[in-house]
Amino acid sequence: MVLAREIPVAHTPDGGWKGEMPPPVLAGCTEPLAHGAVDMRGLWKAYAVEMNGEPVDDLSHVERVEQCGNRVVITSAPIIHDMVCDGTLENGVNDVSGFNRQPLSVAATWEDGKHVLRPNNEMIAVTRELDGDELVWTIVPLSRVTRMRRVQE
């Protein structure tokens, strides 16, 4: 069995990745998902976006979610955010923001069926949750909700 902790942590390359999506990070991992983890694995594409409850005409977002054990890797242009969902900053996302490439440190947890991200282990900034066959990505401070459909397992 290949455990999630045996695979090196991935980070966003300097300047972010461009072009083709980088190869999967957890491809060789065989550890079962942790208790309480929601299976969000797959390649997802936005089909509806709202900001402050109003539709936004930007359906360009695509993300790949990898999971193994209690680890989650989210890859979406231009970032790779690799984290362990244990509520610590040490094992959370220690990378750069996809918006402005500024360094960030974010704790990740599973709470009530949601993947929750807390910058500096404070307020909830981002959640991901399944709603039927859809992945709902919410950026709380921006009141932005992106609904995605799986395009590949």
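Rule-based calculations on the coordinates, nothing more; no lab input. Note that the structure is predicted; figures quoted are calculated from it, not measured. No Cβ is skipped: glycine too gets one built from the backbone with ideal geometry, and neighbour counts run over all protein chains shown.
Of Val145, Val151, Val126, the sequence from fewest to most neighbouring Cβ atoms within 10 angstrom is Val151, Val145, Val126.
If you average 1/r across every pair of different Cα atoms in the chain and take the reciprocal, what Kirkwood value do you get, in Å?
Radius from the Kirkwood sum: 15.7 Å.
At q = 0.14, 0.17, 0.20, 0.29 Å⁻¹ the log10 of I(q)/I(0) for the range 43-97 amounts to -0.50, -0.68, -0.82, -1.06, computed by Debye summation with a single uniform scatterer per C-alpha, solvent ignored.
Annotation for the range 1-70: trypsin sites (Lys or Arg not before Pro) lying in DSSP loop with at most 13 further Cβ atoms inside 10 Å of their Cβ are Lys18. Indicate the gyration tensor shape class of the range 1-76 (rounded, prolate or oblate), computed on the Cα atoms with a ≥ b ≥ c the square roots of the eigenvalues: a/c under 1.5 is rounded; otherwise a/b larger than b/c is prolate and the rest oblate. It is oblate, given that a/c is not under 1.5 and a/b is not larger than b/c. A cysteine counts as unpartnered when no other cysteine's C-beta lies under 4.7 Å of its own; in the chain this applies to Cys85. Once both labels are positioned 7 Å from their Cα atoms along Cα-to-Cβ, the gap between Val136 and His61 label points is 1.3 nm.
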